[in-house]
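Read through the structure below, which is laid out as structure tokens, and then see the notes.
The values are calculated or read from the model by the stated rules, or taken from the named source; none is laboratory data. Keep in mind that this is a model prediction, so the values were computed, not measured. Cβ placement follows ideal geometry from the backbone for every residue including glycine, while neighbour counts extend to all protein chains displayed.
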Amino acid sequence: MTKHIGIFGGTFDPVHPGHIRCASFVRQYCQLDSVRLMPCHLPAHRASPGVSAQHRAAMVQLAIAGHNGLALEALELEKTSPSYTVDSLTLLRQREPEVQWYFIIGMDSLGYFKSWKDWQQILQLAHILVCQRPGYSEQSGDAPELLRQFGQPDLASLRQSDSGGILLLPNPLTGISATAIRQQLQQHTLAADSLDPAVLNYIQTHRLYQAL
């Protein structure tokens, strides 16, 4: 029987409740068997993360504990080169050919999706699920053309093929930002409920995101 699995890639630097709420929403709304959070080692489109891949993976593991259907995907952690989605999805398809894959991105990423390496091939490997992000709309950048060409109106339409569709999701917006959390950690101004307690304890124990 085909499994339906979402891949939620990111730096998770650090993972925060917004990530977890988004992953849980996508799993339930899209009726996925699971959503795997995949920390990238070296992101191709942005500055390198502030802490190691191992620390970021450990924080993801702590954050998803107790959340049914969420898992860590460690595929990219041992890479020494930049992480490209097309390469990771190719490896996942080879490793688990019985799975139908859904790659989860934010509306901000859809706006520049055509600059991603082999973006057409990504759509041959998986469906794209797009989460709303504050300050970004489907009118920005590459989004209108991509939605005209690949957009699907609903989950039933998306499921009629095993890849190649783009579906916009009505996820609740969250204003939480990893950038802001890192700054607050450095300045010792972080509100206690901004991070999962286990993640915050890990950060404090390992003295991550300290001011230089």
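Structure values in brief
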| read-out | value |
| --- | --- |
| Residues (farther than 15 Å from Ala178 by Cα and of a type in the set (A, V, I, L, M)) located in the stretch 4-28 | Ile5, Ile7, Ala23, Val26 |
| Filter pass, Thr80 being in contact with a Lys or Arg (Cβ under 8 Å, 6 or more places away or on another chain) and at pLDDT below 95 | no |
| Subset tally (residues that are touching a helix residue (DSSP H, G or I) at 6+ places or on another chain (Cβ under 8 Å), surrounded by fewer than 21 Cβ atoms within 10 Å (Cβ to Cβ) and either among the charged types (D, E, K, R) or not in a loop (DSSP other than H, G, I, E, B) (or both)) for the stretch 126-144 | 3 |
| Count - residues of the stretch 54-94 that are among the β-branched types (Val, Ile, Thr) and free of Cβ contacts under 8 Å to residues at least 40 places away in the same chain | 3 |
| Residue match in the stretch 118-125 (condition: farther than 24 Å from Ser34 by Cα, out of contact with any Leu (no Cβ under 7 Å at 6 or more places or on another chain) and not in a helix (DSSP H, G or I)) | yes |
| Count of the stretch 88-131 residues which are touching a strand residue (DSSP E or B) at 6+ places or on another chain (Cβ under 8 Å) and basic (Lys, Arg) | 1 |
| Any chance Glu138 is farther than 17 Å from Met38 by Cα and out of contact with any Cys (no Cβ under 7 Å at 6 or more places or on another chain) | yes |
| The stretch 177-200 residues that are more than 15 Å from Arg21 (Cα to Cα), paired with ones that are acidic (Asp, Glu) (beta carbon under 8 Å, 6 or more apart) | Arg182/Asp13 |
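Here's the yes/no breakdown for (1) under 18 Å from the mean Cα position of the chain (by Cα); (2) at pLDDT below 95:
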| site | (1), (2) |
| --- | --- |
| His67 | yes, no |
| Leu72 | yes, no |
| Tyr84 | yes, yes |
| Ser115 | yes, no |
| Glu145 | no, no |
| Gly151 | no, no |
| Leu155 | no, no |
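Yes/no per residue for (1) surrounded by fewer than 17 Cβ atoms within 10 Å (Cβ to Cβ); (2) part of a loop (DSSP other than H, G, I, E, B); (3) not hydroxyl-bearing (Ser, Thr, Tyr):
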{"site": "Thr80", "(1), (2), (3)": "yes, yes, no"}
{"site": "Gln94", "(1), (2), (3)": "yes, no, yes"}
{"site": "Phe103", "(1), (2), (3)": "no, no, yes"}
{"site": "Ser109", "(1), (2), (3)": "no, no, no"}
